[in-house]
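Below: one structure, written as structure tokens.
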Amino acid sequence: MIRGVLFDLDGTLADTAPDLGGALNRLLERYGRERVPLERLRPQASHGARGLLQIGFDIRPGDPYYDELRDEFLELYASNLCVDTILFDGVPELLKTLEDRELPWGIVTNKIRRFTEPLVRELDLDKRAACVVSGDSYAKPKPYPDPLIGAARELDLPPDTLIYVGDDERDMRAGLAAGMRVVAARYGYLGSELPPEQWNAHAIVDAPGELLGFIDAAK
């Protein structure tokens, strides 16, 4: 029986790509480079600075100047954290239905606390989420199961009674390793090399509201 739901944040609950992409494009302009269209940046939004800097500057962790560019990017993002970010269509209704059913829901993201907590407040989710686990809440972030196991402890629920919903293969790997049922959000960013059909998810949803059907079938 499903007793709670955990969500990834970027690309699953919230469309954060416009503000993440905006920070990258401001950084590109600072260095005299051309802006990158949002459509090209969107698939990498779930990978944060690492994915976006690779698209914009063809630079990776360990490369010269990567750390400096990452820090500049993060400062730009912090100053415009929730300008164009919104919840995906259908998410507000889904969360209300979960609350009406008295099913607790929480957030488990690789976004670090410095950005997670103010963003969750700006989206008016901080007083509603039963738990908020950030990428630096535990020593090992997703795809390790540690953050999800920690979230289950915060909810005081066994992992096998929880669903984890995410838009990246690493979300499925982390959820499965934690002993949860996992659902792939095909409406999200899908930045993984493999398509959702190959993520070993228990279900794939094309809209947030479809999750309710999976919950009902899993009872």
> Taking the Cα centre of each part, how many Å lie between segment 1-71 and segment 81-122?
Replying inline: 19 Å
> Which ³J(HN,Hα) values in Hz, rounded to whole numbers, follow from the phi angles of segment 185-198 under the Karplus curve 6.51 cos²θ - 1.76 cosθ + 1.60, where θ = phi - 60° and Gly and Pro get x?
Replying inline: 8, 6, 7, x, 7, 6, x, 7, 5, 8, x, x, 4, 10
> residue 58 to residue 35: extension gain in nm, 0.36 nm per residue of separation minus the Cα-Cα distance?
Replying inline: 6.9 nm
> Out of residues 5 or more away from residue 4 or on other chains, whose amide H comes under 5 Å of its own, with H placed 1.01 Å from N in the peptide plane?
Replying inline: 163
> Using a Förster distance of 25 Å, how high is the FRET efficiency between residue 124 and residue 78, based on the Cβ-Cβ distance and rounded to 0.05?
Replying inline: 0.80
>> Under 23 Å between alpha carbons: how many lysine pairs meet that in the chain, if sequence neighbours fewer than 8 apart on the same chain are excluded?
In response: 5
>> Quick check: residue separation of residue 218 and residue 97 times 0.36 nm, minus the Cα distance between them. What number comes out in nm?
In response: 41.9 nm
> Counting other Cβ atoms within 10 Å, which chymotrypsin sites (Phe, Trp or Tyr not before Pro) in segment 50-109 have at most 14 and lie in a DSSP loop?
Replying inline: 65
> Just one of (i) 123; (ii) 111; (iii) 231 is volume of the Cα convex hull per residue in Å³ calculated from these coordinates, so which is it?
Replying inline: (ii)
>> Please list 3J(HN,Hα) in residue order for segment 159-166, calculated via the Karplus relation 6.51 cos²θ - 1.76 cosθ + 1.60 where θ = phi - 60°; whole Hz, with x for glycine and proline.
In response: x, 6, 9, 10, 10, 10, 10, x
>> How far apart, in nanometres, would the label points at residue 89 and residue 197 be if each is projected 7 angstrom from Cα along the Cα-to-Cβ direction?
In response: 2.4 nm
> Which whole-Hz ³J(HN,Hα) couplings does segment 199-209 yield from phi under the Karplus relation 6.51 cos²θ - 1.76 cosθ + 1.60, θ = phi - 60°, glycine and proline marked x?
Replying inline: 8, 6, 6, 6, 7, 10, 10, 9, 8, x, x
> How large is the dipole of segment 87-134 about the Cα centre if only Lys and Arg carry +1 and Asp and Glu carry -1, each at its Cβ, rounded to the nearest 20 debye?
Replying inline: 280 debye
> If amide H atoms are built 1.01 Å from N in the plane of the peptide, which residues on other chains or at least 5 residues away come under 5 Å of the amide H of residue 128?
Replying inline: none
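List the trypsin sites (Lys or Arg not before Pro) within segment 30-111 that DSSP assigns to loop and that have no more than 13 neighbouring Cβ atoms inside 10 Å.
Of the trypsin sites (Lys or Arg not before Pro), the ones in loops of segment 30-111 whose Cβ has at most 13 other Cβ atoms within 10 Å are 33, 101.
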> So what's the projected area for segment 17-78, the Cα convex hull averaged over all directions, in nm²?
Replying inline: 3.6 nm²
>> Run the helix sum for the chain: -39,500 (n - 2.57) per DSSP H stretch of 4+ residues, divided by residue count, reported at 222 nm to the nearest 500 deg cm²/dmol.
In response: -11500 deg cm²/dmol
> Amide H of residue 133: which non-local residues (sequence gap of 5 or more, or other chain) have their own amide H closer than 5 Å, using H built in the peptide plane?
Replying inline: 107, 108, 109
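The numbers here are math on the coordinates, done by the rules we state, and not lab data. Because the structure is predicted, anything quoted here is derived from the model rather than measured. Because the Cβ atoms are built from the backbone with ideal geometry, glycine has one as well, and the counts that use them run over all protein chains shown.
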